[in-house]
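Below: one structure, written as structure tokens.
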Amino acid sequence: MFRHYLIAAWRSARRDRLHSVINVLGLAIGLAAAILIALFIRHELSYEDFLAGNDRVYRISTEVTSPGRAPDWTPDAPDYAAAALALDFPEFDGLARLAGETLVVRHGTVEASERVFWTDPDFLTVLGLKTIAGDAATALDAPDGVVLTRSMARKYFGTDTPLGATLEFRRKDPMRVTAVIEDLPSNTHLASEIIASGRAAGSVLAQIDARPQKLGSTSFSGFLYARLKPGVSAAALTSRLDDFAARHFPTATPGDPTRLVLRLDPITQVHFMPSPYDLRESSSTATLLAIGIVGILIIAIAGINFVNLMTARAARRGIEVGIRKALGATRRQLIAQFMGEAIGFALVAVVIATAMVELALPGFNAMLDRHITFAYWHDPSLALGVLTLVLVVGCGAGFYPALVLSGFGPAAVLKSARATAGGGGRLRQALVILQFAVSIGLAVATLVIARQTDFATGQSLRFDKDQVVLLRGAPACTESFRNQVTSLPGVSGAVCSRAAPLDFSTSDGTTDLPDGREVDVDEVNVDFAFFDFYHLPPLAGRFFDRSRGDDAVPADPAAPMAASIVINEAAVRVYGFGTPAAAIGQEVTLSRLRAETRPSHVIGVVPDFPIGSIRQAVQPSVFFVDPAGWGMLSIRLDGQQVPETLAAIDRIWAQNVAEAPLRRLFLDSEIERRYRDIERQGRIFGGFSAVAILIGCLGLFGLSAFAAERRTKEIGIRKALGASTGEVARLLIWQFTKPVLIANAIAWPVAWWCMQRWLDGFAYRIELSWLPFALAGGGALAIAVATTGFHALQVASARPVAALRYE
């Protein structure tokens, strides 16, 4: 009997080639999209799984709280926290700091600028990193010890195990390779390819340890990792960290309400804690949930197609069902037959989907900047997951069509030579509406995300980011270096600052007003011509002038703090000055910049512009000039001969700063990196909304072919009674455009609510307009008309006599 079922299924598929191909292709595309989404989600949820004992590993982060301000969280830990934590908390099985620095690394003729991470001796064992050569427990004990990844070992030494070989840091400091670890996978937040002992004299950690800790001074230079002893509860330790922070990191000013709080973040969750200071790009659980829902919706759309086309085929298989029933077949046997056919379609579809996934995976990885694999042949859980998905989709999508087909009465079917399924047409209409409602909603989300991304990287910034090159490092702001750079033909200007827009190193400060009020602000150190350079106009007053001696902080560190300041709009509001014009000439005391302070005068007001991210509101900010604190040079190019200009800047750096590598980047690239997660969301939603629309179009194409064939006789009668080809075509097209219009009415309010919630995560955002909804709805309608129009015109243009002979 099973063989007989296979023969019947094969003959039915051959007879209805169009429906069979659409059925299989629609399922295959849906399964391929769902598999890609499942692989991505699996990859994101597997971060740090390669670390041994990762359930006991935590990263210690810091949260600074002040009354009236949102908590300021950073993934870093205070520089001096590690030693104190080791003494106060015996529950820790080990603590290790990690601080990065870009250095020139050389071995023989191979030399490159590399990101080197200085760390404590226990780093490898604290994180659970395994070595392929050398001893993890002792590799970083010696001050000259360095650990390389396999790729880095091959790069400099041409071998996987160069133990004992020597690397040179800064062209002068020899370091000895003591261990090699495997290359880090893409599902880790770590980016450490060269790990060096922090005991080295020139390391960042050694410099920190050499500085005396002052009361109230808290600096952050890197990350701190901890491994708990077996059986220790992280929650129990967390409750004691508040008291620890109060004792070891008190504020320098008595009565200051600012508090520092330490947190234990599981290392497996670090990937879902976005921060611009992370080693690698982060994600969020909300994004992962949204992508998972998209995958479920795509499978639902593919299943809807299957149900629609299978029930539409019922008219062609009515006689077969009637004969089988007349010969004694039970309804259970017929359900088993048609369910088997549905699962067979799904099995064929999954084979095609597997090939699609393997072909699409390289581009998918490139789009998401991941290294996701689809090694189902040696991953039983993955193969079982795909097989389960096939069975669920096959059974779920085939159950209703099997019930419909098996429910035909033999006498009625054999008498009319046709089958009718009560309510089937209405169900198909409802499923088409649902299908296109999902597709339209995804298209709206794609357009809104694209607009918000464009807004985040352009209009919301308020400053001119084009053709700006950033050079990090104090040597970039020396007078001689800056003069040489500004004299280059391709350079139109250069200014210094402590950091650049959207990458500012700010200080939390407290300003004292003449009326006795204290106000928390961000203190930002900039150059004299900083605002002119970034094309930020004054709202009132003037900006800094190099010719005015009192516009800058006194060069003598012992002198009292007294300088002209510029404030932003947010500071005008929090100070209570009323208007920008009213703020000019007001006195403000910056109490934390010098031991002795005098009132500073507001000379100008600048528009609010994002110093951190548009996800947070711009904080009240005070800008001042202090050349001693500058560490970044912003260079604006004129856009002519950019490669030659950059090469000339590199040569000047090499001539002036031979001991330090050049750290250069474009500001617009840094801004794009800051919002890469939004751009990724847009790509994912855009790609999979296109997939959803494609599957919907395949279904419409098949249904329109079925509808055109089923109404052939009706169309012949209409044409015989005088209906024109255009009128008949409009009748058929309207049958499928009406559900799309209803789908718009359903999708628009749902999409509006969802995108409003998403946009609420940004302090500065676009306003939802009608345009994305009109484009998505109009596009879906146009696609539906184009998809169904072919069959409509084909049938409508046929001669009436041919139509009346039908059946």
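The values are calculated or read from the model by the stated rules, or taken from the named source; none is laboratory data. Quantities reported herein were computed from a predicted structural model and do not represent experimental measurements. Reconstructed Cβ throughout: ideal geometry from the backbone, glycine too, with neighbour counts over all protein chains shown. All accessible areas refer to the heavy atoms of the entire protein, side chains included, with ligands and DNA or RNA removed. Shrake-Rupley method; radii C 1.70, N 1.55, O 1.52, S 1.80 Å.
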> Counting only residues that are open to solvent by less than 40 Å² (accessible area, probe 1.4 Å) and either within 30 Å of F455 (Cα to Cα) or aliphatic (A, V, I, L, M) (or both), how many does segment 466-481 have?
Replying inline: 5
> Which residues, counting only those in segment 365-422, are assigned to a helix (DSSP H, G or I), modelled with pLDDT under 75 and either open to solvent by less than 50 Å² (accessible area, probe 1.4 Å) or in contact with a Phe, Trp or Tyr (Cβ under 8 Å, 6 or more places away or on another chain) (or both)?
Replying inline: A397, G398, P401, A402, V404, L405, S406, P410, V413
> Within segment 713-726, is even one residue at pLDDT below 85, part of a helix (DSSP H, G or I), buried (at least 17 other Cβ atoms within 10 Å of the Cβ) and under 33 Å from the mean Cα position of the chain (by Cα)?
Replying inline: no
> Restricting segment 43-73 to residues that are among the β-branched types (V, I, T) and modelled with pLDDT under 90, which is farthest from K130 (Cα to Cα)?
Replying inline: T65
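Conditions tested, residue by residue: (1) among the β-branched types (V, I, T); (2) modelled with pLDDT under 70; (3) touching a helix residue (DSSP H, G or I) at 6+ places or on another chain (Cβ under 9 Å).
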residue: P627; (1), (2), (3): no, no, yes
residue: L646; (1), (2), (3): no, no, no
residue: I652; (1), (2), (3): yes, no, yes
residue: N656; (1), (2), (3): no, no, yes
residue: D677; (1), (2), (3): no, yes, yes
residue: A692; (1), (2), (3): no, no, yes
residue: S704; (1), (2), (3): no, yes, yes
> What number goes with the only condition from (1) over 30 Å from A437 (Cβ atoms); (2) at pLDDT 80 or above that I671 does not pass?
Replying inline: (2)
>> Among the residues in segment 192-199, are any more than 36 Å from the chain's Cα centre (by Cα), modelled with pLDDT of 90 or more and not aromatic (F, W, Y)?
In response: yes
> Are any residues in segment 442-451 crowded, with 19+ Cβ neighbours inside 10 Å and either at pLDDT below 80 or of a type in the set (A, V, I, L, M) (or both), and if so, which ones?
Replying inline: L442, A443, V444, A445, L447, V448, I449
> Does any residue of segment 308-315 turn out to be open to solvent by 50 Å² or more (accessible area, probe 1.4 Å) and either at pLDDT 80 or above or not aromatic (F, W, Y) (or both)?
Replying inline: no
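To keep it simple, each residue is scored yes or no on (1) aliphatic (A, V, I, L, M); (2) at pLDDT below 85; (3) open to solvent by 10 Å² or more (accessible area, probe 1.4 Å); (4) part of a strand (DSSP E or B).
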{"site": "N483", "(1), (2), (3), (4)": "no, no, yes, no"}
{"site": "A500", "(1), (2), (3), (4)": "yes, yes, no, no"}
{"site": "D508", "(1), (2), (3), (4)": "no, yes, yes, yes"}
{"site": "E523", "(1), (2), (3), (4)": "no, yes, no, yes"}
>> Every residue in segment 249-267 that is within 19 Å of P71 (Cβ to Cβ) and modelled with pLDDT under 75, please.
In response: P250, T251, D256, P257, T258
> In segment 39-126, which strands (runs of 3 or more DSSP E) lie fully inside it and hold 3 or more residues that are within 27 Å of H371 (Cβ to Cβ) and open to solvent by 20 Å² or more (accessible area, probe 1.4 Å)?
Replying inline: 92-107, 110-119
> Listed residues L228, L224, L241; which is out of contact with any Phe, Trp or Tyr (no Cβ under 7 Å at 6 or more places or on another chain), of a type in the set (A, V, I, L, M, F, W, C) and at pLDDT 90 or above?
Replying inline: L224
>> Within segment 561-596, take every residue that is under 11 Å from V519 (Cβ atoms) and touching a Leu at 6+ places or on another chain (Cβ under 7 Å) and give me the one that is modelled with the highest pLDDT.
In response: Y575
> If you scan segment 738-758, which residues turn out to be at pLDDT below 85 and crowded, with 16+ Cβ neighbours inside 10 Å?
Replying inline: P739, V740, W758
